[in-house]
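Visitor: Following this message is one structure expressed as structure tokens.
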Amino acid sequence: MTATPSNMPLNETAPIVDSARDLVIQPLTGWIPVDWKELIQYRELLFFFIWRDIKVRYKQAVLGSAWAVLQPVINSVLFALIFNGVFHLGKDLPVPYFIYVFAALLPWTFFSAAVNVGGQVLVSQQHMLTKIYFPRIFLPTAAVGANWVDLVISMSVLLLAMPICGVIPSVGILAVPFLILITVVMSLGFVYFLSALTVLYRDFKFITPFMLQIMSYASFVQYPPEGLLQSKPWIGYVLAINPMFGLVNAFRAALIGTSDKILWHPEFLAISIVISVAMFLVGLFYFRRTERRFADIA
Amino acid sequence: MSKSIITVEGLGKAYRLGQKLEQWSSFYDVLTGFVRSPFKKLRQKSNAAASDEAFWAIRDINFEVAPGEVIGLIGRNGAGKSTLLKVLSRIVEPSEGRAHIRGRVASLLEVGTGFHPELSGRENIYLNGAILGMKRTEITRKFDAIVDFAEVEKFLDTPVKRYSSGMYVRLAFAVAAHLEPEILIVDEVLAVGDASFQKKCMGKMGDVVKDGRTILFVSHNMDAVLQLCSHVVLLKNGRNTERLSPDEGVKQYLAMSNEGTSLPLAEKPRTQFRPHMPIFTGLSIVGASGHRNVCESNGKVNFDIELSHTLELPGDLTCGVAISNERSQRIAFFHSHYQSGMSFRGTDGRVRLSCNVPSLPLVPGRYFVELVLSDGYQVIEKVERAEAIDVVFADVFGTGKIPKSSQGYLVLPCEWTHEPIDEIGLVQKAI
């Protein structure tokens with residue numbers, strides 16, 4: 001016996017009842033629009049989730065939040081030792097290799113940390129899915145949002161390190177907030193999609209790290225793509241399908257400034273933006289479509 | 001009913017059988033499945049409505065709740081209570097039907113959902129409050145009351161992972177108890193903490209009721225149901241009854257929970273003096289209300305006992321019925337010889353015994369019936385926990401109150417009087 005809402009007599013709302021909070025629970029099918037009103041109503045919870053994730057991240061570590069500074073520095077130093085020290089990939093660069101790789105690590109670390117944590121967030125917090133209602137989308141959103149602190153800290157480290165290494169930031173730095181926005185939109189898209197997929201198919205727990213690994217190589221975080229791009233110009237468009245490629249390039253150009261070793265490719269950034277927005281919409285609506293089954297499956 | 005705050009119409013939730021298995025299905029299975037039969041999924045979709053493969057956790061649930069009512073949802077394990085609460089809390093989506101809720105809902109299916117072990121008590125109050133739907137300003141306003149209620153002032157800045165389980169639960173409940181929704185959905189969360197804290201929780205629930213809030217309440221604790229609820233909805237195999245009065249609902253629930261739950265008496269474990277066919281083969285317990293295995297406090301109860309294979313038993317037989325509480329402490333003993341001077345012979349192989357107890361003055365609760373057969377020298381057969389019997393509240397003294405199981409075992413009458421005493425200790429006779 002399936003009750004159809006259309007022929008169901010609607011009860012008049014009694015005066016004691018707050019009709020603004022009228023809620024109808026019934027089966028939904030197909031693609032479900034985003035309930036912005038509800039998200040605004042619950043907005044404080046999103047901030048609490050972000051606050052929690054930040055607070056918890058460096059608890060019980062002796063060095064505490066110093067890790068937020070140490071992580072990107074150690075990463076860059078390691079890359080400098082391996083890729084520059086051993087393979088001499090940075091020999092023709094106009095800036096020290098350390099700065100070159102650090103600038104690329106800003107968007108990349110944000111993205112990979114967001115996807116690494118965010119992709120698992122529904123599985124790792126499944127007890128919350130089965131015990132209480134709140135807008136599910138806040139969990140992956142918070143996993144992305146909590147990375148802002150690390151981003152701000154690494155950004156400050158870079159801005160301090162640049163003058164020390166004798167690099168003057170270019171005016172392109174004014175575009176960085178916009179580039180960060182693209183990074184966030186892209187990360188959200190990937191995290192929405194992957195977190196929902198991981199609930200349905202645990203395989204993505206294993207697939208995600210490989211995907212990140214491949215994307216990291218294909219984004220040319222650790223080495224300059226210019227040689228390859230000059231010999232085979234078409235390959236840039238293939239690489240740009242990975243939206244991180246255009247973003248990493250844009251971050252470098254904006255922070256360090258362009259030169260013949262750091263070319264600025266607006267066409268790749270344009271592709272990045274289109275793919276990021278598309279990924280965001282696909283992720284968001286796929287999440288909405290599947291979220292009503294999370295508690296049954298998780 | 002234009003005043004209802006919750007209207008549930010034909011609500012149902014189906015799980016596909018084997019969904020448990022399917023949930024672990026790998027991506028590979030989906031891929032290969034699609035390659036093998038790309039149209040299977042489409043076909044499945046077209047007859048998704050067919051219910052033969054579905055297990056309906058709840059189905060065709062209909063009821064209405066008026067503002068300020070406290071509705072108890074009771075039923076055996078697996079009757080669908082939790083599923084219903086989850087659907088009404090929007091945790092899972094119904095498969096059919098609909099529910100209309102007109103007010104701010106807070107649901108409490110577990111205490112401490114979202115508590116983070118690494119965070120301090122103070123931080124968790126805010127986090128948990130926000131998860132339960134409170135605004136930050138609201139939590140700040142109630143912060144002191146919450147801390148007070150939970151009795152954790154000294155440990156506010158300690159991570160909750162260092163809390164004792166009692167403190168943890170107290171803090172978690174305290175946050176939930178300070179919610180002020182129009183509709184509260186509660187699942188068995190009162191069964192936490194020690195006795196004194198439970199009392200406090202019940203008190204708090206009582207306050208919530210007095211505030212005129214609407215509550216949907218699942219519990220196995222019939223005392224709590226009787227104390228708090230204005231109506232009861234009984235769930236059985238995923239379907240619900242009409243709204244019942246708490247007394248009637250609890251009675252039906254208890255009668256139901258004894259139906260066919262256990263082995264037939266003949267197959268129950270027993271101790272025998274020497275190996276023998278089972279002798280006790282039938283026991284029926286009927287109280288004044290006519291329900292099996294239920295009787296009222298101080299009400300009459302009848303035990304009908306059937307014996308088989310008594311032919312080879314020598315001597316005069318006597319039979320005893322012992323009543324024990326849940327902790328297996330014997331409280332009463334009804335013996336065919338002690339009370340009635342009766343013994344019998346197992347002449348034709350089957351004997352029916354009847355034991356009428358005019359009044360069983362026990363406090364409400366669950367008791368167990370033990371059967372003992374002896375031949376005057378030794379026990380021939382003994383069946384511990386042959387049946388359970390539920391004693392339910394009855395207004396024995398006309399005061400609306402009788403002792404509870406925490407206060408004693410027996411409901412006995414007495415007369416109280418009082419007289420004022422003057423300062424030198426002389427009794428002043430009332431004029």
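Visitor: Regarding segment B:60-73, can at least one residue be identified that is part of a loop (DSSP other than H, G, I, E, B) and acidic (Asp, Glu)?
Guide: yes
Visitor: Collect the residues in segment A:163-194 that are at pLDDT below 95 and hydroxyl-bearing (Ser, Thr, Tyr), keeping them in residue-number order.
Guide: A:Ser170
Visitor: While we're looking at this one, here's another question. How do the strands (runs of 3 or more DSSP E) wholly within segment B:262-357 filter down when requiring 2 or more residues that are touching a residue at least 24 places away in the same chain (Cβ under 8 Å) and crowded, with 18+ Cβ neighbours inside 10 Å: which remain?
Guide: The strands (runs of 3 or more DSSP E) meeting that bar are B:280-287, B:294-296, B:299-308, B:318-324.
Visitor: Still on this structure, please answer the following. Please specify each residue of segment B:80-109 satisfying the condition of being within 7 Å of another protein chain (Cβ to nearest Cβ), over 15 Å from B:Gly133 (Cα atoms) and in a loop (DSSP other than H, G, I, E, B).
Guide: Answer for segment B:80-109, where residues must be within 7 Å of another protein chain (Cβ to nearest Cβ), over 15 Å from B:Gly133 (Cα atoms) and in a loop (DSSP other than H, G, I, E, B): B:Val92, B:Glu93, B:Pro94, B:Ser95.
Visitor: While we're looking at this one, here's another question. Which members of segment A:170-205 meet the condition of being within 17 Å of A:Phe294 (Cβ to Cβ), part of a helix (DSSP H, G or I) and among the aromatic types (Phe, Trp, Tyr)?
Guide: Within segment A:170-205, A:Tyr192, A:Phe193, A:Phe204 meet the criteria.
Visitor: Checking A:Phe98 against (1) modelled with pLDDT of 90 or more; (2) buried (at least 16 other Cβ atoms within 10 Å of the Cβ), only one condition comes out false. Which one?
Guide: (1)
Visitor: Within segment A:128-158, can you find the residues that are charged (D, E, K, R) and out of contact with any Phe, Trp or Tyr (no Cβ under 8 Å at 6 or more places or on another chain)?
Guide: A:Lys131
Visitor: Of the numbered conditions (1) closer than 30 Å to B:Val105 by Cα; (2) away from chain B (no Cβ under 14 Å), A:Gly90 fails exactly one; give the number of that condition.
Guide: (1)
Visitor: Separate question: Scan segment B:110-153 for residues that are among the aliphatic types (A, V, I, L, M), touching a Phe, Trp or Tyr at 6+ places or on another chain (Cβ under 8 Å) and within 14 Å of another protein chain (Cβ to nearest Cβ) and report the count.
Guide: 6
The values are calculated or read from the model by the stated rules, or taken from the named source; none is laboratory data. Small disclaimer: the values here were computed from a predicted structure and weren't measured. Using ideal geometry, Cβ is built from the backbone for each residue, glycine included, and neighbour counts are taken over all protein chains shown.
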